[in-house]
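Notes follow the structure.
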């Protein structure tokens, strides 16, 4: 187990493509950190730099207080699980798991014990003599996990390990990874593009973006932190199962700071934010609110704020239903409401939704506009 | 063979191979075509067998009647009596065997370096190496001969084997093959604690086996059949390989066509056996090389 520290890490390909920009992060011993972001944001590249599979252009990476920039992957005491499993096709499951231990010249008896222990933990004991091609995708991924576990490394690295599995298996394997981490308490760095995976697995989440021509870190926080207090519009839009709704408008001060958009939107901001918003009065802003912040009656800290929209489509999801709406000037808004309250929802009508103001945000304009309520520190 | 066309695509034309009388005609035509093609391959071979069983005098007659008046199987025994045919066999096997082994070793190592290791100028060097394939062999014959002479390998097994131990073609073949092996396997192995040598021997080589078998077959056949290079590089009788040895019947004893045929038939046996044993690898290997996107 170990602490992993990245300091001002930069990766430049071919002297011009800046894949990762000034990445700094201190990962505590035993922590589970998830790098999440769209493709091309540099999350895998960063992971591969930690693994030693990519050269570090600038900055330093330290594992367990030792700078490893020039240390060969095999000497970093890490284990990695790949997206395509990367099992050796010509070796049995047992040999796949034992390979790393054999190279480290462990006694045969100990190798056997460790492999069997890991196989038991993962429920793959009956498969030990099989070849990888005789296994299903889920079984292969377990073997890949087993290969990492037996090594008892200081750090686990996961590179989108669930992407090749079907939806159901993805959820069960996800749970399994979480359980393994709770049991082994090994420092883990996990890369995914799936925000749901990131939210459920991580002690902390690193949200990365590619939009500004370089891969960079947007926010590092706990899952609830990034969800509730996104530092900018990109993070707000990226996290959450249904995308956040955005409306462009202006801040006005008429007896309290309001978000104003014509026609029909005049929403009073919470009093505690008035001070910090006052500087932006008269400026263009983007009002953001999650579908789940909308309800048919006042909930949360509402203070009477509501929006009236034209409903166009209802998608029942079981406990909830997603109601697609349009503003009068045809902006698409989705509301997620509790379906226990009713079995049907009027379509093609004007409906008033109340907003839980604790789950609303005001951003500066642009894809990466800062959150004026929760600015980046 | 089914005549049912899927109901979901009623408009689409039927594949002619799928059924119907048109398809039967097509299959018959294809079959006849293949038979004719087969005959053109078999006839010369059958003729060779007949000639090998004739007397020298009967060879001309054979072209008219199609069958020798008297069979003379002694030709086969004579081959061994008149020349050290066993020694030729051994030489061919010895030279082709060593050349194949060395070529597989050098080519697979070079292919690994050209496909799995990143080093500056790698692809340019590879292109340069490939470019040597464009130079006709005859052009290189004299310089190579001089080099061998200076190295003191003239009229020696080493002169026959060493130049054949390297092959740009073989390197190319195996490199293409190795490029199809996912790089995450090397990465997993290097994280597992393997260096290049272990990755090469324990991960890449086993996975490149079909490609290596193809290369081995090609290399063996090429060197087993090699004629001109052994001809100019050896003068001692006991270094002669089969193709050079066959010349004996043409010069020393006049032109003894039946014995040449008998000898070359016997010389053909090992490659045929080799092919029969390994043909599934050959086909799979060639396919694997081709399927790579």
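The values are calculated or read from the model by the stated rules, or taken from the named source; none is laboratory data. Treat the numbers as computed from the prediction; the structure is a model and nothing was measured. Reconstructed Cβ throughout: ideal geometry from the backbone, glycine too, with neighbour counts over all protein chains shown.
Things worth noting here:
- Being more than 10 Å from chain B (Cβ to nearest Cβ), in contact with a helix residue (DSSP H, G or I) (Cβ under 7 Å, 6 or more places away or on another chain) and surrounded by fewer than 20 Cβ atoms within 10 Å (Cβ to Cβ) is a property that holds for residue A:125.
- Helices (runs of 4 or more DSSP H) lying entirely in the stretch B:124-193 (those with 3 or more residues that are buried (at least 20 other Cβ atoms within 10 Å of the Cβ) and at pLDDT 90 or above): B:157-161, B:168-179, B:183-192
- Screening the candidates A:120, A:130, A:142, A:170 for the property of being more than 14 Å from chain B (Cβ to nearest Cβ) and without any contact (Cβ under 8 Å) to a residue 12 or more places away in the chain yields one hit, A:120.
- Total residues in the stretch A:273-298, condition part of a strand (DSSP E or B) and either at pLDDT below 90 or surrounded by 15 or more Cβ atoms within 10 Å (Cβ to Cβ) (or both): 7
- Residue match in the stretch A:160-167 (condition: more than 13 Å from the chain's Cα centre (by Cα), assigned to a helix (DSSP H, G or I), modelled with pLDDT under 90 and surrounded by fewer than 18 Cβ atoms within 10 Å (Cβ to Cβ)): yes
- Residue pairs whose Cβ atoms lie under 9 Å apart, separated by 6 or more positions or on different chains, with the first residue in the stretch B:39-63 and on the phi > 0 side of the Ramachandran plot and at pLDDT 85 or above and the second surrounded by 11 or more Cβ atoms within 10 Å (Cβ to Cβ) and not in a helix (DSSP H, G or I), do not occur.
- When A:145, A:157 are checked against the criterion of being crowded, with 16+ Cβ neighbours inside 10 Å, in a helix (DSSP H, G or I) and in contact with a strand residue (DSSP E or B) (Cβ under 7 Å, 6 or more places away or on another chain), A:145 stands alone in meeting it.
- Qualifying residue in the stretch A:240-250 (condition: touching a strand residue (DSSP E or B) at 6+ places or on another chain (Cβ under 6 Å) and part of a helix (DSSP H, G or I)): no
- Residues (crowded, with 17+ Cβ neighbours inside 10 Å and part of a strand (DSSP E or B)) located in the stretch A:325-340: A:325, A:333, A:334, A:335, A:336, A:337
- Qualifying positions in the stretch A:66-82 - out of contact with any strand residue (DSSP E or B) (no Cβ under 8 Å at 6 or more places or on another chain) and more than 8 Å from chain B (Cβ to nearest Cβ): A:66, A:70, A:71, A:75
Let's see how each residue does on (1) surrounded by fewer than 18 Cβ atoms within 10 Å (Cβ to Cβ); (2) in contact with a helix residue (DSSP H, G or I) (Cβ under 9 Å, 6 or more places away or on another chain); (3) in a helix (DSSP H, G or I); (4) modelled with pLDDT of 90 or more:
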{"site": "B:216", "(1), (2), (3), (4)": "no, yes, yes, yes"}
{"site": "B:221", "(1), (2), (3), (4)": "yes, yes, yes, yes"}
{"site": "B:249", "(1), (2), (3), (4)": "no, yes, yes, no"}
{"site": "B:266", "(1), (2), (3), (4)": "yes, yes, yes, yes"}
{"site": "B:274", "(1), (2), (3), (4)": "yes, yes, yes, no"}
{"site": "B:277", "(1), (2), (3), (4)": "yes, no, yes, no"}
{"site": "B:286", "(1), (2), (3), (4)": "yes, yes, yes, no"}
{"site": "B:293", "(1), (2), (3), (4)": "yes, no, no, no"}
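- Residue in the stretch B:177-192 that is touching a helix residue (DSSP H, G or I) at 6+ places or on another chain (Cβ under 8 Å), under 21 Å from residue B:263 (Cα atoms) and more than 11 Å from every other protein chain (Cβ to nearest Cβ) present: no
- Any hit, the stretch A:15-33, residues being farther than 21 Å from residue B:191 by Cα, within 14 Å of another protein chain (Cβ to nearest Cβ) and surrounded by fewer than 17 Cβ atoms within 10 Å (Cβ to Cβ): yes
- Sole exception among (1) without any contact (Cβ under 8 Å) to a residue 24 or more places away in the chain; (2) more than 14 Å from every other protein chain (Cβ to nearest Cβ); (3) within 19 Å of residue A:212 (Cβ to Cβ) for residue A:58, by number: (1)
- Only residues that are more than 12 Å from residue B:193 (Cβ to Cβ), more than 31 Å from the chain's Cα centre (by Cα) and within 7 Å of chain B (Cβ to nearest Cβ) were counted across the stretch A:83-105, and they come to 2.
- Entry remark, the stretch A:251-265: residues being in contact (Cβ under 8 Å) with a residue 12 or more places away in the chain and in a strand (DSSP E or B) number 7 in total.
- In the stretch B:194-211, the qualifying residues are those that are crowded, with 18+ Cβ neighbours inside 10 Å and outside any helix (DSSP H, G or I), and the one that is nearest to the other protein chains (Cβ to nearest Cβ) is B:194.
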